[in-house]
1. I need the full set of residues from segment 72-110 which are surrounded by fewer than 11 Cβ atoms within 10 Å (Cβ to Cβ) and part of a helix (DSSP H, G or I), in order please.
2. When only residues in segment 39-59 that are surrounded by fewer than 16 Cβ atoms within 10 Å (Cβ to Cβ) and assigned to a helix (DSSP H, G or I) count, which is farthest from the chain's Cα centre (by Cα)?
3. Consider only pairs whose beta carbons are under 6 Å apart and that are at least six residues apart or on different chains; among these, list those whose first residue lies in segment 74-89 and is at negative phi and whose second residue is surrounded by 12 or more Cβ atoms within 10 Å (Cβ to Cβ) and among the acidic types (Asp, Glu).
4. Out of curiosity, is ARG25 in a helix (DSSP H, G or I), touching a residue at least 12 places away in the same chain (Cβ under 8 Å) and over 15 Å from the mean Cα position of the chain (by Cα)?
5. Only one residue in ARG25, ARG38 is at pLDDT 95 or above and more than 18 Å from ASN107 (Cβ to Cβ), so which one is that?
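The values are calculated or read from the model by the stated rules, or taken from the named source; none is laboratory data. In this text, all values refer to a predicted model and were calculated from it rather than measured experimentally. Ideal geometry is used to build each Cβ from the backbone, glycine not excepted, and the neighbour counts take in all protein chains shown.
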Amino acid sequence: MKELQEAGNHWQEVESELNTARLARSQGNEGKARVCARRAAGKALNAVGVSSGPPLAAIRFFLETQSMPDEVRVACTHLIATVNDSYQMDDGIDLIADAEMIWYYVNSAVFLSKKHGIIR
């Protein structure tokens, strides 16, 4: 029961980070939105036991050690990318959407693993 409660707390933290990222973006603070999106992805990975490190380290570790669909791999690559000289991401990169994709991916992977008896 404690594990489920802890997992629920992690998921609440992920959702809180994503909400903060969305709010920051709506207020024109893209820098804060990027930071919160990266934290959300890192917390999602930590919640399922992929890593216990800081967000960028967790994303890098996940990218380097796990197999995943190409779109999830691209989302991870976006999240660890650096901004350009104007402190912007390249056109078409949405780190909030990328963090959400990772969250949904690891959440569904955990669900499917539990359903098929891989995780108990």
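1. Narrowing segment 72-110 to residues surrounded by fewer than 11 Cβ atoms within 10 Å (Cβ to Cβ): 82, 84-87, 90-92, 108.
Across segment 72-110, the qualifying residue is only SER108.
2. Going through segment 39-59, the residues surrounded by fewer than 16 Cβ atoms within 10 Å (Cβ to Cβ) turn out to be 49, 52-54, 56-57.
Next, from what is left, pick out any that are assigned to a helix (DSSP H, G or I): 56-57.
On the way: LEU56: 10, ALA57: 12 Å.
Here the answer is ALA57.
3. From residues that are at negative phi, the pairs are ALA75/ASP98; HIS78/ASP98; LEU79/ASP98.
4. Numbers: in a helix (DSSP H, G or I): yes; touching a residue at least 12 places away in the same chain (Cβ under 8 Å): yes; over 15 Å from the mean Cα position of the chain (by Cα): yes.
When the stated conditions are applied, ARG25 passes them.
5. Working: ARG38 fails: more than 18 Å from ASN107 (Cβ to Cβ).
Answer to the check: ARG25.
Residue-wise test of (1) touching a helix residue (DSSP H, G or I) at 6+ places or on another chain (Cβ under 9 Å); (2) at pLDDT 95 or above.
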residue	(1), (2)
THR20	yes, yes
ALA47	yes, no
SER51	yes, no
LEU63	yes, no
CYS76	yes, yes
SER86	no, no
